[in-house]
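> I have a structure I would like to understand better, so I am pasting it below and will then ask my questions one at a time.
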Amino acid sequence: SAVISQKPSRDICQRGTSLTIQCQVDSQVTMMFWYRQQPGQSLTLIATANQGSEATYESGFVIDKFPISRPNLTFSTLTVSNMSPEDSSIYLCSVARQTSTYEQYFGPGTRLTVT
Amino acid sequence: AQTVTQSQPEMSVQEAETVTLSCTYDTSESNYYLFWYKQPPSRQMILVIRQEAYKQQNATENRFSVNFQKAAKSFSLKISDSQLGDTAMYFCASPIQGAQKLVFGQGTRLTINP
């Protein structure tokens, strides 16, 4: 497993502003992911954060709206840009090691409310 | 597209009872893994149990066990002697073919009543 922290744990933001969420892991990991979880819903993958290269985005998510950085093997950031109330969600980062089991371990999440 | 389906949006049982959560999936892989995750109100996603498809023996972790029916593509989670702390959302998940990504079911909200 891995110990994962996220900052901030929650925030209330005004529409039109941006928020950067940080994800820190206690050891080097191969894969890092960012998910969105809207209230009462399942998890939707936003992108895979690639170390040293551009993130790989899922259908419906674009870099201009959700820029991602991954400067090293233990840290990543997700920015939610030009926020609207529809961006109110929980944002989760997860990590996986390069194994054949594909299991992921999750951070505690960031609850974002946009007013 | 690969899919994972949980057909029970909500379930509720009394403490100490046994409860089974259902999950079906769709994959053309010959070997794969399946996972159950728990998300309590604190929202921390916790890996509950993992099943390797080529292993015929059902996985067990203390009070949690699975009933894996490979031919039927069914992967249910059984919680024995349920406790108040088991109250949570439970998600079934499967890796996407050829990728390290997971696809999640819609979730089942489980409430354990005293």
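> What residue, among those in the stretch B:15-57 that are facing chain A (nearest Cβ under 10 Å) and without any contact (Cβ under 8 Å) to a residue 12 or more places away in the chain, is nearest to the chain's Cα centre (by Cα)?
Residue satisfying both the conditions and the ranking: B:Ile46.
The rows are residues; the columns are (1) among the small types (Gly, Ala, Ser); (2) under 30 Å from A:Gln38 (Cβ atoms); (3) out of contact with any Cys (no Cβ under 7 Å at 6 or more places or on another chain).
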site: B:Glu15; (1), (2), (3): no, no, yes
site: B:Leu21; (1), (2), (3): no, yes, yes
site: B:Asp26; (1), (2), (3): no, yes, yes
site: B:Trp36; (1), (2), (3): no, yes, no
site: B:Ser42; (1), (2), (3): yes, yes, yes
site: B:Leu47; (1), (2), (3): no, yes, yes
site: B:Glu52; (1), (2), (3): no, no, yes
site: B:Ser76; (1), (2), (3): yes, yes, no
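> Do we find that A:Ile4 is out of contact with any Cys (no Cβ under 6 Å at 6 or more places or on another chain), at the interface with chain B (Cβ under 10 Å from one of its Cβ atoms), closer than 20 Å to A:Leu73 by Cβ and open to solvent by less than 60 Å² (accessible area, probe 1.4 Å) in this structure?
yes
> So, A:Gly16, is that one over 27 Å from B:Ala88 (Cα atoms) and open to solvent by 60 Å² or more (accessible area, probe 1.4 Å) or not?
Spelling it out, it is not the case that A:Gly16 is over 27 Å from B:Ala88 (Cα atoms) and open to solvent by 60 Å² or more (accessible area, probe 1.4 Å).
> So, one more: For residues in the stretch A:19-48 being within 14 Å of chain B (Cβ to nearest Cβ) and over 13 Å from the mean Cα position of the chain (by Cα), which is least open to solvent (accessible area, probe 1.4 Å)?
Going through the qualifying residues, I end up with A:Val29.
> Could you grab the pairs with beta carbons closer than 6 Å, sequence gap of 6+ or different chains, first residue in the stretch B:89-114 and at positive phi and facing chain A (nearest Cβ under 9 Å), second one open to solvent by less than 10 Å² (accessible area, probe 1.4 Å) and outside any loop (DSSP other than H, G, I, E, B)?
B:Gly107/B:Phe91
> Moving to a separate point now. Residues that are of a type outside the set (S, T, N, Q) and closer than 22 Å to B:Ile96 by Cα: list the strands (runs of 3 or more DSSP E) wholly contained in the stretch B:1-81 that include at least 3 such residues.
The strands (runs of 3 or more DSSP E) meeting that bar are B:33-39, B:46-52.
> Give the residue that is surrounded by the fewest Cβ atoms within 10 Å (Cβ to Cβ), with candidates limited to residues of the stretch A:87-115 that are more than 18 Å from A:Ile4 (Cα to Cα) and modelled with pLDDT of 95 or more.
Filtering first and then ranking leaves A:Thr115.
> For the stretch A:49-115, please list each of the strands (runs of 3 or more DSSP E) lying entirely inside it that holds at least 2 residues being over 13 Å from A:Thr30 (Cα atoms) and within 12 Å of another protein chain (Cβ to nearest Cβ).
Fully inside the stretch A:49-115 and qualifying: A:89-96, A:110-114.
> I've got another one for you. Could you tell me whether any residue of the stretch B:62-80 is surrounded by fewer than 18 Cβ atoms within 10 Å (Cβ to Cβ) and within 14 Å of chain A (Cβ to nearest Cβ)?
no
The values are calculated or read from the model by the stated rules, or taken from the named source; none is laboratory data. As the structure is a prediction and not an experimental result, all values here were calculated from the model. Reconstructed Cβ throughout: ideal geometry from the backbone, glycine too, with neighbour counts over all protein chains shown. With ligands, DNA and RNA removed, areas are computed over all heavy atoms of the protein, side chains included. Shrake-Rupley method; radii C 1.70, N 1.55, O 1.52, S 1.80 Å.
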